[in-house]
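Only one structure is covered here, and it is reproduced in the block below.
The values are calculated or read from the model by the stated rules, or taken from the named source; none is laboratory data. Everything numeric in this text was worked out from a predicted model, so none of it was measured. Cβ placement follows ideal geometry from the backbone for every residue including glycine, while neighbour counts extend to all protein chains displayed.
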Amino acid sequence: MEFDFQSQPGVSIHHRGLRNDGQPLVSIITPFYNGGKYFEQTFNCVMNQTFPWFEWIIVDDGSTDSQDLQVLETFASRDPRIHVYHKENGGIASARNLGIQKASTDLILPLDCDDLLEPTFVEVCWWMLQKSPDAAWSYTDSVGFSGQEYLWQHRFDPLQETKENLLTATAIIRKRWLQKTGFYEEGHKHYNEDWVLWLKIVAQGGYPAQATNELLFWYRRSETGVLATVKTDPDIAKSNAKLLEDAANQVKNPRPPVIYPCAFEFSYDTPVLSDWNHPIFDSKQTKRLRVAFLLPWTVMGGADKFVLDLVSGLDKEQFDVGILTTLTSQNDWCQRFRTVCDDVFNLPNFMAATDYAEFISYYINSRQLDVLVVSNTYIGIYLVPWLRQNFPDLAIVDYVHMEEWYWRQGGHARTSGVMGGVLDRTYVCNSATRQVMIDHFGRSPESVVTVHIGVDEGTFDRTKVQSGQLYRETGIEPGRPVVLFICRLHPQKRPYLMLEIANSLRHSVPDVAFVVVGDGELEDGMKARTQKLGLENTVYYLGAKKEVRPYYRDAKVTLVCSLKEGLSLTAYESCSMGVPIVSSDVGGQKDLVDNTVGALIPCLQDEASGINDQQYSKEEIESYVKPLAEILTDDILWQTMSRNARARIENGFTIQQMVDYFEAEFVRLVSDPTAIDTRHHVAASLQATAPLSSEVYTSTMRAEALEATLDWEHAHRSTVGMPGESRWHWLKRKLSGAIQHIRQEGIGYTWTLFLDKIRKRYAG
């Protein structure tokens, strides 16, 4: 994972109009001793928390610097939740203990005055304690920064904790456990008071709830802090070691921690509706529309890039935005989302799957959400009927990136077709997918809208990028014509076909070079095939790159030979950079690519069965070779195509055009009387058959379990509970009555398709 240590939280205040009144639920405790140097950034981090129900108790531990005290008083005066207490210097432990005594809540968050929090830290840790009522504390993985830079991601092990400290001081701790262990030991100023505390809690039977893959706490490393004093003073070090040894010896038969993500099991119970009724926003301060995106994960891909670009582009004066994900992932794209959005919640990282529905409903209630956008998550789309039933005022739409015949007989497009009667609208990124939704999945033409996701033409502009970087990194001789192949190395992208094209093209264009930018599951196999074909001086691998513009700048043409695309991000970027593109004629590529900007090549493999087929006909290989050779060797043709490609983007395929559309669309969804009446009618129909919406979720997710585990007998028993009855008949019996009622209401479910899917896949 790449991590940007310069993307620190708290650089500025995010004025979102959150409430700063009401009963606090968490007490933040901060010792302060001449700590003005970094305090502003820490202050900003606390004020930016997405969970505003806290008090902040700051204990001045006898500061001697008047300027630092003035900094403290200035910032403390800005929010009524901040309370400052002054005492004689007694060390960080005594300052924390005084703060705990002054706290009015049962949840204590120690936070040093120079450390940082991501905006969701308090909310994530608070939620974990709500769902783990016996846990003594909750915390997340952390980032070390400043003097040292590292990612601290150790699964908590109570026995290992006796040997090395796996924790920082920053967590949310239940006060009763602090009381049970006698709070922080105050006998010494310079020692690992937090480590001793953890050992004392563990010795008493306490255990944590840990959110892994969530880097929400930033620990400032200093060469002159308390730990440095401990290490350099032999007397202090000896005393410190004795305290730790005594505490460690008390740890006997510790209880295991709760660590997320848990093993991903499809143990989905009936959805639970949150009873949270405290709005987070102050309605007097903000009138922004609240939009949330429910995604599978934050990984590099076209669907995720669409959301990232949209969230980045939405006018923050008009819209407040959140991101929720349902599958485990960790990569640098999550950090990208956090730079443009405070509310980023990767659900598997801090809760069990059975709690997703409750958290989503909590999020809707707490944010008073206006629009929910569901994008390519099965868990999310299966919840849509239940959400529609319980939130009739909420506009629910989905985004389908493409249909996928090789995956579940249509992929997310098929599921969206099933849910069409519940959704306010479906958006697709190309005209081909829209037509598939209408022709194959029963959607009405007015319910599916094509919105091209576009590209930032101001950033992807060849005139703003220096040439030569590609040649320097690869060692390719300057002047050799370069074909760029930029994508995930996944079967969908047919990278082995690219190798066959390269092998053939080098005979007509001997000096051609293919440059692969990207990584993935096929990378090792591709490199082995490259050697086998003798292509070491023709095909070059650069791996995944955050910044891809320099490679477009030096390329002569971009190759996309995918088996399936929506409308590829690569096509947008290449055209915007003025690089002609040769692409397979799949998905919506024809919306952008034609013979004026490159070439569109028929796909001769069967999409449904060819996903793992690495054998390609000579006809298909040569169909790419000819246009590639023409573009690479004809400078006039290249210049014409380059100008046309750039103009194509400017005239209708920019991110700003996409953002403008959705801004107007979100406003329409929440204000149009017809749209409001329709979703209220659908909600009322679902409420009349209340069990249906829950059973759509539980039944389909249990069906997912069948596929995931292939443990048919176990799945049969857990799903049906009636020996001898097939899964199909059980599902049909459970759903048929309610389905008939819904049909009579005329709200447009394509349940036949839904049932047929289950019957074909899960018949006993």
Is it the case, given these coordinates, that MET526 is under 30 Å from the mean Cα position of the chain (by Cα), closer than 28 Å to ARG472 by Cα and either surrounded by fewer than 22 Cβ atoms within 10 Å (Cβ to Cβ) or charged (D, E, K, R) (or both)? yes
Out of (1) surrounded by 16 or more Cβ atoms within 10 Å (Cβ to Cβ); (2) in a loop (DSSP other than H, G, I, E, B), the one LEU324 does not meet is (2)
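One line per residue, one yes/no per condition, for (1) of a type outside the set (Ser, Thr, Tyr); (2) closer than 28 Å to ALA688 by Cα; (3) modelled with pLDDT under 90; (4) buried (at least 21 other Cβ atoms within 10 Å of the Cβ):
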site	(1), (2), (3), (4)
THR298	no, no, yes, yes
ASP343	yes, no, no, yes
VAL374	yes, yes, no, yes
ARG388	yes, yes, no, yes
Candidate set: segment 120-133, residues that are in contact (Cβ under 8 Å) with a residue 60 or more places away in the chain and either more than 21 Å from the chain's Cα centre (by Cα) or assigned to a strand (DSSP E or B) (or both); chosen: the one nearest to PHE359 (Cα to Cα): LYS131
Restricting attention to segment 400-413, does a residue exist that is under 22 Å from MET701 (Cα atoms), assigned to a helix (DSSP H, G or I) and not small (Gly, Ala, Ser)? yes
Top-ranked residue of segment 45-71 - restricted to ones that are part of a helix (DSSP H, G or I) and within 22 Å of SER366 (Cβ to Cβ), ranked as nearest to the chain's Cα centre (by Cα): CYS45
Given the conditions (1) more than 31 Å from the chain's Cα centre (by Cα); (2) buried (at least 18 other Cβ atoms within 10 Å of the Cβ); (3) at pLDDT 95 or above, and given that TYR616 satisfies all but one, which numbered condition is not satisfied? (3)
Residue hits (segment 244-269; under 26 Å from the mean Cα position of the chain (by Cα), modelled with pLDDT of 85 or more and either charged (D, E, K, R) or within 30 Å of SER693 (Cα to Cα) (or both)) are TYR260, PRO261
Might you let me know whether segment 418-441 holds any residue that is of a type in the set (Phe, Trp, Tyr) and part of a helix (DSSP H, G or I)? yes
Could you say whether any residue in segment 365-373 is assigned by TED's automatic domain parsing to the domain that holds ALA675 and over 21 Å from VAL667 (Cα atoms)? no
For segment 496-516, enumerate the residues that are without any contact (Cβ under 8 Å) to a residue 40 or more places away in the chain and crowded, with 21+ Cβ neighbours inside 10 Å. ALA502, ALA513, VAL516
What do you reckon, is LEU470 aliphatic (A, V, I, L, M), within 30 Å of ARG336 (Cα to Cα), modelled with pLDDT under 95 and outside the structural domain of GLY313 (by TED's automatic domain parsing)? no
Candidates SER283, SER329, filtered to the one that is within 30 Å of LEU569 (Cβ to Cβ) and either modelled with pLDDT under 95 or not assigned by TED's automatic domain parsing to the domain that holds ASP393 (or both): SER329
Taking first residues from segment 536-559 that are farther than 11 Å from GLY578 by Cβ and second residues anywhere that are of a type in the set (S, T, N, Q) and part of a loop (DSSP other than H, G, I, E, B), the pairs with Cβ under 6 Å that are 6 or more apart or on different chains are ASP554/SER467
Take ILE501 and decide whether it is outside the structural domain of PHE391 (by TED's automatic domain parsing) and assigned to a loop (DSSP other than H, G, I, E, B). no
Scan (1) under 21 Å from GLU630 (Cα atoms); (2) touching a residue at least 40 places away in the same chain (Cβ under 8 Å) for the single condition LEU569 breaks and write down its number. (1)
So, ASP393, is that one part of a helix (DSSP H, G or I), surrounded by fewer than 20 Cβ atoms within 10 Å (Cβ to Cβ), assigned by TED's automatic domain parsing to the domain that holds ALA303 and not basic (Lys, Arg) or not? no
